[in-house]
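Enquirer: Structure in structure tokens, see below.
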Amino acid sequence: MTTLDPVLPIALSDEHVMLRDAVRDFARREIVPSAAQFDESGDVPLDTIRKMGEMGLMGIETPEEYGGAGMDTIAYVLAMIEIAKADASHSTVMSVNNSLVNYVLYKFGTEAQRQKYLVAVASGEKVGAYSLTEPMSGSDAATMRSRAVLNGAGTHYTINGRKSWVTSGPVAEVIVLFTMTEPAEGHRGISAFLIDTDRPGFARGKKEPKLGIRASATSELVFDNYECPVENLIGEPGMGFKIAMTALDAGRIGIASQAIGIAEAAYEASLDYARQREAFGQKIGQFQLIQQKIADMKTRLEASRLLTFNAALAKMRHPRYTTEASMAKLFASEAAMFITHQAIQIHGGMGYSKELPLERYFRDAKITEIYEGTSEIQRLVIARNELGLR
Amino acid sequence: MHIAVITKSVPDTEAVVSVDAGGKLLAGDKLVVNPWDEYAITEAILLKEAHKAKVTILAVGPEQHNEALKHGLAIGCDQAIRVWDGALEGHDSLVYAKAVAAAIQKLGDVTLVMFGRELPDIASDAHIFQTARKLGWNLLGSVSKIEALDFAAKTIRVRRLVEQGTEVLSSRLPAVISVLKGINEPKYPTFIGIRKASKTEIPVWGLSALGLDAAAAQGQAAVTGYRELPKREGAVEIIEGASAQDKAAKLVEKLFAEKVL
């Protein structure tokens, strides 16, 4: 049987095809064999993360002069899909570094900040993190309780408070932190800072035990009179919320790609299984109830892909692409939940067993509906942009 | 200080190989870089980094071999050359060796030629010996470690895997070597390498460019056709018994009866 390459709204260049094939080969050899083991232990696969950095996976869109590969958003989407298809946890680390840390530093950082922090993260030398959420503040960032207070001399901000759900929190060496500098201003009082994790007053809190993406460590961060020099302020005071949301637009394209990768792995496994497994004297793929599942899975998978490439093209061509990124993330993450659910159903007991990766795909898919804006928030973003009403 | 690494695209080892009614071999459309060559390419790049050498990657074959050459460029080879000419279609290993040797001579300043251990599709390494012979250079096969390399003094010392153990061998340069799995951990292409490779036009050297005539492309051996192996017939028999010991005793009896033991 011939399998056509997925239809895309653009023709892939030789460079894109080579990149996709190289990442696919790397993921198959280096990530797939140990993915179940890292999922079980919850350890961070630092060795493969380092190798991903050496290849250029940690700074795909960052220009070469800042340690990156200088490629486009299409390349980023292709690479994310391949890594996520092998293991979602690896792609989570990659997504944070690329979309949330590098993008913020490149777009809003000073030249000195880029040289000191962007080069280190984009070249894969250091792992980055993005810290917005707090124990009592998630989607409603304006209610955050952490504070940064400028000292009298105007040289340092003193930061106090707790942040939670920080992806790569236990291992990150460069952290983009959002905290309140003008509480009376609500979300306009949030500012962004670069945190050096080796300065006093910084501590990593408890590591979160999670349902999925277990090899991507998540933790709290604790700031206790942490002194942050003013040169580590990103952008202007009060610009934090805008910076955070701009990064999330880029990030959502990454999460949509991650969802596609997880879904594609589950779909391909289901296709193989439905062709081979026999019941009642025939291949289960010959039963119409299984055929219905396959048709729905494939349709949603390809629709996710088209929406995600659409968002990537929008990012490359237009300054604002919030709606496109939200639609891609919303649809692809819900499709990934549907597809991984159906994949387990097709596999029956084998799908429920840890002998096969189907149950891991299902657990990993769930996070894509939650982080970088829940499905509910995506719907708000899309509808408000469409209606022009707040 | 110029190293040439020779590569060949081969059918994917996961491909299902079959033979059609006309005796033609079918191994799928997908070709991959010979897995053995990946070690040779990486070793050449490691030598390049250590000795500031130049690395040329070379393949003999039609356009689909460009993929292996671009893979080499993406990992860090400095230039790629594809040798091909319609007259080479269906070549045997000796013709292949003549073409490689002529290309090495045309490059002029190559002092080390590197191959992967063998071609996995036809399970042969004859072309490596033949290339060394055509060049008139020493051949150091099955190298598991390059212990010393001195381009200025024109010497190389390698560790070879032989049947009973290892052998350490010194040779003068120029030389031809073939490397084993385990000599290094193969490198992956970098994205910057991929960007450069995808923009590189790979020159094609035909017979005339190599100074060879049509007679040189005449092989001495030709594959006339392939046949499938006869289907193996087998049956499974489950041995029943009251206990494991009982089952084992019955199994041993049967194995004696069948003269397996």
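Enquirer: I'd like to verify a number: residues in region B:68-98 that are closer than 23 Å to A:Leu19 by Cβ and buried (at least 19 other Cβ atoms within 10 Å of the Cβ), how many?
Expert: The total comes to 12.
Enquirer: Further question on the same structure: For region B:47-71, which residues satisfy the criterion of being of a type in the set (A, V, I, L, M) and within 14 Å of chain A (Cβ to nearest Cβ)? Reasoning before the result, please.
Expert: Start the filter on region B:47-71 by keeping residues that are of a type in the set (A, V, I, L, M), which leaves B:47, B:50, B:53, B:55, B:57-60, B:68-69.
B:Ala68, B:Leu69 - these are the residues of region B:47-71 that are of a type in the set (A, V, I, L, M) and within 14 Å of chain A (Cβ to nearest Cβ).
Enquirer: Here's something else I'd like to know. Would you point out which residue out of B:Ala197, B:Ala126, B:Ala215 is surrounded by fewer than 14 Cβ atoms within 10 Å (Cβ to Cβ) and among the hydrophobic types (A, V, I, L, M, F, W, C)?
Expert: Selected residue: B:Ala215, the only one of B:Ala197, B:Ala126, B:Ala215 that is surrounded by fewer than 14 Cβ atoms within 10 Å (Cβ to Cβ) and among the hydrophobic types (A, V, I, L, M, F, W, C).
Enquirer: Within region B:163-176, count every residue that is among the β-branched types (Val, Ile, Thr) and either within 14 Å of chain A (Cβ to nearest Cβ) or crowded, with 16+ Cβ neighbours inside 10 Å (or both).
Expert: Pass one, region B:163-176, residues among the β-branched types (Val, Ile, Thr): B:166, B:168, B:176.
Applying the additional criterion that residues be either within 14 Å of chain A (Cβ to nearest Cβ) or crowded, with 16+ Cβ neighbours inside 10 Å (or both) yields B:176.
The qualifying residues number 1.
Enquirer: Assuming A:Thr374 fulfils every condition listed in (1) buried (at least 17 other Cβ atoms within 10 Å of the Cβ); (2) under 17 Å from A:Ser95 (Cβ atoms) apart from one, which condition is it?
Expert: Single failed check for A:Thr374: (1).
Enquirer: Right, next: Do we find that A:Glu268 is surrounded by fewer than 24 Cβ atoms within 10 Å (Cβ to Cβ), over 27 Å from A:Arg300 (Cα atoms), touching a helix residue (DSSP H, G or I) at 6+ places or on another chain (Cβ under 9 Å) and outside the structural domain of A:Gln115 (by TED's automatic domain parsing) in this structure?
Expert: No, not satisfied.
Enquirer: Let me ask another. Considering only region A:15-29, I want to know if a residue exists there that is within 12 Å of another protein chain (Cβ to nearest Cβ), over 28 Å from A:Leu356 (Cβ atoms) and without any contact (Cβ under 8 Å) to a residue 40 or more places away in the chain.
Expert: There is at least one residue in region A:15-29 that is within 12 Å of another protein chain (Cβ to nearest Cβ), over 28 Å from A:Leu356 (Cβ atoms) and without any contact (Cβ under 8 Å) to a residue 40 or more places away in the chain.
Enquirer: Would you mind finding the one in B:Ala103, B:Ala74, B:Ala80 that is in a helix (DSSP H, G or I), small (Gly, Ala, Ser) and either within 14 Å of chain A (Cβ to nearest Cβ) or within 15 Å of the chain's Cα centre (by Cα) (or both)?
Expert: Details: B:Ala103 fails: either within 14 Å of chain A (Cβ to nearest Cβ) or within 15 Å of the chain's Cα centre (by Cα) (or both); B:Ala80 fails: in a helix (DSSP H, G or I).
Matching residue, one of B:Ala103, B:Ala74, B:Ala80: B:Ala74.
Enquirer: Sticking with this structure for a sec: Taking the stated definitions as given, is A:Ala312 at pLDDT 95 or above and closer than 30 Å to A:Ala192 by Cβ?
Expert: Against the criterion (at pLDDT 95 or above and closer than 30 Å to A:Ala192 by Cβ), A:Ala312 qualifies.
Enquirer: Still on this model: If you go through region A:39-50 one residue at a time, do you hit one that is in contact (Cβ under 8 Å) with a residue 40 or more places away in the chain, in a loop (DSSP other than H, G, I, E, B), touching a Ser or Thr at 6+ places or on another chain (Cβ under 9 Å) and on the phi < 0 side of the Ramachandran plot?
Expert: Yes, the conditions are met somewhere in region A:39-50.
Enquirer: Can you find even one residue in region A:39-51 that is within 10 Å of another protein chain (Cβ to nearest Cβ), closer than 17 Å to A:Arg24 by Cβ and surrounded by fewer than 19 Cβ atoms within 10 Å (Cβ to Cβ)?
Expert: Yes, region A:39-51 contains a residue that is within 10 Å of another protein chain (Cβ to nearest Cβ), closer than 17 Å to A:Arg24 by Cβ and surrounded by fewer than 19 Cβ atoms within 10 Å (Cβ to Cβ).
Enquirer: Moving to a separate point now. Within region B:177-196, work out how many residues are within 7 Å of another protein chain (Cβ to nearest Cβ) and assigned to a helix (DSSP H, G or I). Walk me through how you get there before you give the answer.
Expert: Step one: list which residues in region B:177-196 are within 7 Å of another protein chain (Cβ to nearest Cβ), which gives B:188-192, B:194-195.
Applying the additional criterion that residues be assigned to a helix (DSSP H, G or I) yields B:191-192, B:194-195.
Of the residues in that region, 4 qualify.
Enquirer: Given the criterion more than 30 Å from A:His318 (Cα to Cα) and surrounded by 23 or more Cβ atoms within 10 Å (Cβ to Cβ), identify the matching residue among A:Ala75, A:Ala79, A:Ala86.
Expert: A:Ala86 is the lone residue from the list that is more than 30 Å from A:His318 (Cα to Cα) and surrounded by 23 or more Cβ atoms within 10 Å (Cβ to Cβ).
The values are calculated or read from the model by the stated rules, or taken from the named source; none is laboratory data. Just so it is clear, the structure is predicted and the values come from calculations on it, not from any experiment. Using ideal geometry, Cβ is built from the backbone for each residue, glycine included, and neighbour counts are taken over all protein chains shown.
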